[in-house]
Structures are given as C-alpha cells and as structure tokens.
Amino acid sequence: MNFSEVFKQSNQLCKVSPDGKYLATCVQYRLVVRDVSTLQIMHLYTCLDQISHMEWSSDSLFILCAMYKRGLVQVWSLEQPDWHCKIDEGSIGLVSSRWSPDGRHILNTTEFHLRITVWSLCTKAVSYIKYPKACQKGIDFSRDGSYMALAERRDCKDFVSIFVCDDWHLLRHFETETQDLAGLEWSPNGCVLAVWDSCLEYKVLLYSLDGRLLSTYSAYEWSLGVKSVSWSPSSQFLAIGSYDEKVRIINHITWKKIAQFEHPATVESTKTVYKEVERRPAVAHSSTPRVNVLTNFVSLINSLLLPHLDEICSLPVQIPVVKPDPDRANPKIGVSVLAFSSDNHYLATKNDNMASAVWVWNMQKMSLEAVLEQTSAVRCFQWDPRHPRLALCTGNTKLYLWSPGGCVAVQVPTEGGFQVHSLNWHCSDNSLILLGKEQLCLCYMETDEEDK
Amino acid sequence: MGEWWTTEASMENCEISSISHVTMSPSRQNNFVSSYLFPLAKSSYSVISAFCTEDNVLQCISYINQELASLGLCSTYIEATSPEGTGLNAVPALNAIYELLQIHRRTMSTVEALEKEQLKKSSTMELMQTSNTRLKDQLELSIREKSGLHEMERQLQLKIKTLQSCLKTEKDEVQKLQSIIASRASQYSHDAKRKEREAAKLKERLSQLLVDRKDKKLAIDVLNCLGRSDGKRGHWKTAKATASHEGEMYKSLLSDYEASQKSLMLENAELKKVLQQMKKEMIHILSPCSSSGRGATADDSQEQHHDSDGEEKMGDTSRETLDQSCEHAREQLTNSIRQQWRKLRNHVEKLDSQVSQVQNQLESNKEMIPLETHEDEMERMRCEVQQCKEFIHAQQQLLQQQLNTSFDDETAALLNDCYTLEEKERLKEEWKLFEEQKRNFERERKNFTEAAIRLGREKKAFEEDRASWLKNQFLNMTPFTDRRRCSSSDGHSALSVRSEPEIRMSSVKAQLAKSSTYTTFSTPRSSQSGAVPSTPELYRTLRLIPESSSSRHSNRGLWQECSTIEDGDNQVKAKHRGRCSDLSIFSMGEDENSLS
C-alpha cells in the first residue's frame, strides 16, 4: 500500500473526473486539476470567490464551480483553458447547482427553492422549473441520464415530475400519496422510482416510469419512519433503513419484505466481529515512512503497521450504544447510511446510536457477515467500485479496510498527523482519495498484477 | 345407668299393673277390693303382706280365681281343701303359680326387649341430637359464610362500580385527549397548509417581483456556445418530439419488462427442471420401494405398478407438453407432483408405522430378544473358552516336552502338573538346604550341650568350692548363732545346694539367666540329665526365641499361605513348607523331633 504526498484542499472539494484521468481540487478560490497518474498539475483556474461546490461534467470535459454566497457559477473547460462561462443567478440567490447528465446544462436551485433554473451551455437558453420541493433528496437523474425525477409541492400536495433530460420535456406529472415527501430515487435500471415520506410516517412508494403506482410499503405506524433508502446495483433489492434500528429489504418482483436486518447492541450471531483496540505503539511511527525521492510516493511496508490494530472478538460482543435525546428533533438513532457493494453481495449499514460500528450484511445468505467496531465514531465508508472491499474512516489518522478475507487498519504515514475525515474510491484505478480537514492524499492499493 | 333403667322399668311396671287394676275394677263390684286397691297401688308390699289372713282365705281364693280367670287361666282353679279355708289344694295352686310365673317371665323378657329397644332408640336419638346440633352449627357457619360472601360481593360490586366509573372517566379523558389530538392535528395541518400557502404566495410574489424587476444580473456569460454532447444539433419542441419521447419511454419500459420476463422465464424453467428431476427421482425411489413393500399382497403391488406406470407416462406427457402450453403443463406437473408427494408421504408414514410396530414388538418381546443375543454371546464366549483351552493345552504340551527333555523320566512322571512341578522343584531345593542347615544346627547344638555340660560341671565344682569356702569362713569367724541367722540369706543357697541340688540349681539358673546369657550354659537339666534337651527349650534358654508365641504365629501364617497352593499329601509338603522361611527353621524343631 502506497501513499502519495499530501496536497492542500478546502471545503473537502476534491473529485476525480468520471473517466478517472484527472483529479480536481479546490483550494480557496482556485481550482487545481492534476493528472491522477503523475499528480502533476495540468490546469489551474481561478474563480471569483471561494468555491463552495465543484462538480465534473459527465464527459469529464468541464468543471462546474459554484459560489453560493455570491450566487455565481463558473464553468471551466479542460480542452480549452481559455474558454470560460459564468452564470449569475442574481439577487435571488443560489443554494444548489449541478450538471445535467448530458454535461451541457446546469441546474441551479434558487434560494427558498423558488425555482430551478436550467441553463443550456449550447444555446444559452434558460428555462425554469417552478415549485421544486425543498427536501432530503428532491431531484434525481436516472442512471443512464435520460430522465430526471423532481419532487414538487403545489397546493400542499406532493407531486413528482419526470423530465426527459434531452430537451427538458415534461414526460409525466403525478401526485404522490405522501404526506410530506422526503426523497426519491431511481432504480439503477431506470424503470422504478422509489419515493418515501418524511420521517413522521413509514411509507415507501414505488412508481413506474410512466407514473403508475407499483406498490406501497409500510412496515409500521405511529413511530418515526424511514431514515435512508438505497437500491442495490442490480435493482433487485431496495434497502430501507429506519428509525427503529432495522433495515428492511424489499424485492423487486412482489415489492414485499424479504429480509429484516436488526442492529442489536449485543451481537450474537455473525461470522466475525472486528474490534479496534487502542494500543500505544512502542516505536514511534515517524521512523517508518520512507520518502521515495524518485516517485514522490511515501511507501510503506504493510507488515509493519497492519496487524496490530484490529482484533477479532469472540461472541457475544457488546457494542456501545448512545441513548438519543428524545426531546431533540432528528434523534441520533436508526439506520442512516446504507451502501451496497458493487457486486450486490454485501450491504454496509450504520446505526446512528451505535456510531462506532459498521455492519456488513451478506445479501446472499441474508445474514450478518461482520461487524466492525471502531474506537471512535465512523465518519464515512464507501465500497470499492470494483471489488467487495469497504473503506472507512473515523476521523483519526488511520484508514480501515474490510474485505471478506479480513480487516486491516493502516496508519496514514504523513507528518503532522493526517486525519481522515472522508474518503472516495477512484472509479477504476484501485486507489483511494483520503480527505483530511484541509489536506488530501491518495492511497494506492497493491493490485494483483503488482503482486505478481 | 343400668340401675336407673331398671328402676324406671319397675315404675312403668307399677303403672301398667295399676292400669290393669283400674280396668279391672269396674268389672268387680267388690267394695273391699276397691277399698284396698289404693293402698295396693301406693305400697304394694305392705298390702301384699296383709292380703291374706286366716279370716279371708276363701275370699282370697275366690278373688285369685277371678283374677286368674280374668288372666285367661281358667283351667286351674284353686280350691280350698277345707271349707274354713285353712288348707289349699296344692296342685291347682301350684299350677296357677307356675302359670303366673310363666307369664311373669314372659312379661319380664318382653320388658327386657323393650328396654333394649328403648336403649337403642335413645342412643340413636342421642346420635340424632348430636348430628342435629352439628348440622345446626354447620348451618350457622354456612349462614355466616354466606353473609360474609354477600358482604364481599357487595364490596366487590362497589369496587366494580367505582372502577367502572373510573374507566368511564378515563375513557372520557382518552376521548377528550384524542379529540384534542385530532383537533390539534387538524389545526396543525391547517396551519401548516395555511403557512405553506402563504409561503407559496410569497414565493409567487417574489418570482413575480424578480420577473418585473428584470434582474439585470441574471445572466449567462459564455465565451462561445458548446456543441451538444452527442454531437447533434438542438431541435425544436414539437408534437413529434413529444410523441417520440413517449415512445422512447415505453420502449425502455418494455425492454425492462422484457428483460425481467426473460429472467423470470429462465428462473421458471430452472425451477421446472428441478421439479421434473425431483419428480423423476421420486418416482424412481417410490416404485421399487412400494413394489417391495407391498410385495406380500399381489393385488396391491399390481395396482401400484399400474399406478406408477401411469404416473411415469403422465410425467413424460407433462414434460412433452411443458413447452407446448404453459398452463396445461403446469397443472399436470403440479398434479403429478402432488400425487407423488402424497405417495411419498404415505410411504414415509407407513415406514414410520412399521418402525413403531417393530419397536412395539421389541418392547413386547423384551425377553426373547435378549435371550437370542444372550445365546449368541454365550456361543461366542464358548468358542473363546474353547480357543483358550486349546491354547493352554498346547502350552502344556510344549512345557511337557521341554520337561521331558530336561528332566529324567522319573521326576517327569511324578510331576505331571507343570505348575506343581516347578513348585516342587523349588521346594526340593529348599528342602535340601534345610536339611543341610538342620545338620549344621544339630552339630552346633551338640557343641552347645557339651559346652553346657562342661560348664555345669565347672559350676558345680565352683559351688562346692564356694560352699566349702563359706563353711570354712563361717566356722572360722563366728561361733554365735545370731550371726549365723543374719547371714542366712547369703548362705541359704549354699546350704540348700548341699541338701537339694536340683531345686537349688534351677533357682540359681533363673537368677543367672537374668544377669548374663553365658551363665545359662550351666542349665540344670543338661547338668542333671545326661540326655540331650529338646531344641526349643534349649533355644528358649539361649534366648534365641524370646517370644515363642509370635514366632509360631508367623509360622502359621506362612503355612496358610502355602496351603492355598497345594492340596495333596499334606504331611510331606508341610515339611517342605516349613522350610520355606528362615524363621520357621527354629520352631520346626518340634516337628522334626516328632518326625524323628
């Protein structure tokens, strides 16, 4: 496992282009584009203000930089560094900006969710979509980029509009049977739209592309309901995490529950529980990083650091539980994060009142595969887009990796203590981008070819 | 009690008699009788004593006759022998008396029976009374209980009432709360809607304002327009375009459905395949089982075969038709599967019942089966024993052969048994050793005795010397009798030595034996009798056997130990055995002596 040197970044804005060739990072009001393989700076753009949002276009040719405070969006071209584009939303303000899937339109949501402005870079044309709903996830594009679903609110009723992204033609517009729609998400095959109600009511609705209601699912009543929803990459399963600390798996044929994953405080039946144990290393780590002058990579010998951090516990294991404050809104309880592995075999979940544990479920056996108990609260976890491998971080200087074969913890070998707050897998390169508070570094996994 | 009852009875008797008198009195118009009827009733004894006087014998007779007649004893008529009435004709009088006595006895017996009955009745009455009181008590108790229960019921009812009222109030409260909640909810939703509408209005207004103001800033500044990502040119929104969008949407939907249908079909086909295979296997499993299982009854088995054949045919046809028509095939398939399953279930049930039957049999024939196994076991063990015997025999033979070669024929013939042979051999050796030892001891004893004799002689000489010396001294020193008496203790032995040598010797020997062992050589017996003393005596005197009993005991123990090994010719072997141990050597002297 190798680590790159550390670069600066701000606002945790650091993204790899969809084609995996470039790495864009924002440092204050500057946008830096590097080559991923060499980490050499290719382009440097200067924006008008501190960048608050940055996004690659789908064809990896343009980068959008939004400055919400100023209501400004600037677009940069990789092919033509001289080309520039500036969109000013004016006095109405800007809260969100995103690319359309074709990479030629920019959708800006104005303050108060008054409207969504669609700017075309091809024709300079501007169109408005009124009444967008301010909610958890009110807009979603289908995976193939042809349709956009938008939650709307008119006359105290929820509606969903489906647009054809090609020319922003309104394909369908229908009312949903929700009290207060909280989010919507396309299935990966783009044929089913999952819509869920706000946390006050457990209700998940499934709509076909043509607006027909396929099914309604409700597990219980009179209690806080859905907290998170996620489709499996194969569109076979819909995982629903709720405030009752359970995940329910719904199948795509009958739209009925086929499994229920509970998150008990005492783990009794699983294959393994990995518990992180805090141990003061005898030898200071300052001696271990070796800087390779030729490649500018900090390389590390795995055996020096890997084995001593996690240990396998014998069952049953007690997982620390934090009791949420019942008087506060959005209590810290329930399953808030759900993530399927790319091969559909595993589901990783996090229960908010057991913030230090990540649960990995086997979707073939519909059983608990492993529990990763960390010493501190898990900040972020993400599946490798190509392998069943989970990377997670807890805001300390270590990177944790889980795979069906085992679990490892790696100290990020940088001086001054690089605290990993967030991480992102590179789409194909077998590497990870680790984001600290104002830094970033790349972590390169050893591929099989290298091993050979 | 008894006395009391009798007195009562007598009183009753009196009453009865009085009644009879009363009833009788009107029939007789005799003043006299009636005049003394009262005193009779009052004090009968005094009256009776004055009943008959010499003056009124005849009247008495007539009266008694009347009475007797009234009692129905007409046959006996008392007559006076003389007209004066001084004498009575004895026979009728006696008869009358006898009759009266009979009557009296009868009445007495009846009275007794009545008394008994009375007693019984009274006892039953008492019983009844006690039971009555008991029942009364019970009644009272139950009444009390009842009242208590009534009270409790009343209380409970009261409680229920209060609880009901409580429930009612609670229900009311719940209803109230629910209504409050509902009203709040409606109010909230109403408010929310109102607020939302207001917000929407405000938003509208804001957007309107924005439009009206013609926000100058709202602008896009692009260096040059970009081409579309797909390279096509943009086109106008037309009806055709919308139609194409619709078409595309439906196309994508259709393709998705097709894909899902395809996958479902594949899955279905796979499942069908599995079903078919299962069915085939079931048929395969069932047909031989059923035929063998019901082989006993020919009809059944034939039927079964027919059935299974039919099934197989059906299965084949269903397999064929599977591709033709889905529904038909499915129906057939499920039917046949169901049938097969039923058959399988029946079969399994039958097996279960068989197993249970077998178990029952086992339980019922619990003795039979163990006997069989027992026999088997016995047979096996017998075989084993036989084998062992053979083995032993072979070993014996081998040993015998060895013995025949190593020993001479004589000993071999003598010692058939290999074990006793060995033992005897050992004993023989020991016997030899013992004999040698014996001889040695004999020699030693002779030496000892000779030495003892010598010593005895020497002692005797010494004593004589001493005695003479003492005498001389005595005679020389003190001519007085006093002195002589004082030193008598010293001189006693000296004097006695001369007079009774035997006794003196023994006493001296005892004294000497205590002081030193060497002096014991001058044993009086050895000195006295020239013959050889018995060995144990010698040894005892020599203190070689301090406690004879313990040594003998150990010897006996050894004897017992040895006796377990051997049975025959005890006498000879006893000797052998005795010689086994060193300890016994000393005590064996006696045996030896007896033998010799």
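The values are calculated or read from the model by the stated rules, or taken from the named source; none is laboratory data. Source: prediction; values computed, not measured. As a convention, Cβ positions derive from the backbone with ideal geometry for all residues, glycine included, and neighbour counts pool all protein chains shown. Just so you know, the surface numbers come from the protein's heavy atoms only, side chains and all, with ligands and any DNA or RNA stripped out. Shrake-Rupley method; radii C 1.70, N 1.55, O 1.52, S 1.80 Å.
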Handout entry: Rounded accessible area of residue B:257 (nearest 10 Å², 1.4 Å probe)
Key = 100 Å²
Problem - Residue-level accessible surface for residue A:95, protein heavy atoms, 1.4 Å, Å² - result: 50 Å²
Problem - For residue B:80, distant residues with modelled amide H under 5 Å away - result: B:89
Exercise for the section: Give a residue-ordered list of calculated ³J(HN,Hα) values for the stretch B:345-351 (Karplus: 6.51 cos²θ - 1.76 cosθ + 1.60, θ = phi - 60°; whole Hz; x for Gly, Pro). Expected result: 5, 4, 4, 4, 4, 4, 4
Handout entry: Nonlocal amide H pairs with residue A:395, under 5 Å, H built at 1.01 Å
Key = A:379, A:420
Fill in the blank from the handout: Cα-Cα longer than 25 Å, checked against A:203/B:193; A:15/A:86; A:323/B:195, kept in input order, equals A:323/B:195
Fill in the blank from the handout: One finds the C-alpha centres of the stretch B:175-196 and the stretch A:158-182 to be spaced, in Å, by 29 Å
Exercise for the section: Give me the number: length gained by fully extending residue B:118 to residue B:187, i.e. 0.36 nm times residue separation minus the C-alpha to C-alpha distance, one decimal in nm. Expected result: 15.0 nm
Handout entry: Rounded to whole Hz, the Karplus (6.51, -1.76, 1.60) HN-Hα couplings of the stretch B:331-343, x for glycine and proline
Key = 4, 4, 4, 5, 4, 5, 4, 4, 4, 4, 4, 4, 4
Handout entry: Accessible surface buried upon A-B contact (total; probe 1.4 Å; Å², nearest 100)
Key = 3900 Å²
Problem - Anchor residue A:271: lysines whose Cα lies under 16 Å away (excluding residues fewer than 8 positions away in-chain) - result: A:365
Exercise for the section: Evaluate peptide A:84-92: per residue, the Cβ atoms of other protein chains within 10 Å of its Cβ; return the mean as an integer. Expected result: 6
Practice task
Hey, can you grab everything whose amide H is under 5 Å from the amide H of residue A:355? Only 5+ residues off in sequence or another chain; H modelled, so Pro and N-termini drop out.
Solution key: A:322
Handout entry: Most to least packed among A:171-179, A:63-71 [average Cβ atoms within 10 Å]
Key = A:63-71, A:171-179
Handout entry: Among A:103, A:65, A:132 the positive-end extreme of the charge dipole of the stretch A:50-168 (Cβ point charges)
Key = A:132
Fill in the blank from the handout: Along the stretch A:144-154, Karplus-curve 3J(HN,Hα) (6.51, -1.76, 1.60; θ = phi - 60°) to the nearest Hz, with x for Gly and Pro, reads 7, x, 9, 10, 10, 9, 10, 7, 10, 9, 9
Handout entry: Solvent exposure, largest accessible area first (probe 1.4 Å, DNA, RNA and ligands not counted), of B:91, A:273
Key = B:91, A:273
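Assign unit charges at the C-beta atoms only (+1 for Lys and Arg, -1 for Asp and Glu), then state the dipole size of the stretch A:172-235 relative to its Cα centre in Debye, rounded to the nearest 20. All intermediate terms of the calculation are to be shown ahead of the outcome.
Details: 4 positive and 8 negative charges, 42 e Å.
The dipole magnitude comes to about 200 debye.
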Fill in the blank from the handout: Here the whole-number average of other chain Cβ atoms within 10 Å per Cβ of A:208-217 is 2
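Over chain A, with every protein chain in place, what whole percent of the accessible area is carbon and sulfur at 1.4 Å, could you tell me? Could you put the intermediate results ahead of the total?
Values: 9350 of 18990 Å².
C and S atoms contribute 49 percent here.
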Practice task
Output the peptides B:106-119, A:138-151 sorted from most to least packed, where packing is the average of other Cβ atoms within 10 Å over each peptide's residues.
Solution key: A:138-151, B:106-119
Exercise for the section: Could you state how much accessible area residue A:217 has, in square angstrom rounded to the nearest 10, with a 1.4 Å probe and all protein chains kept in place? Expected result: 30 Å²
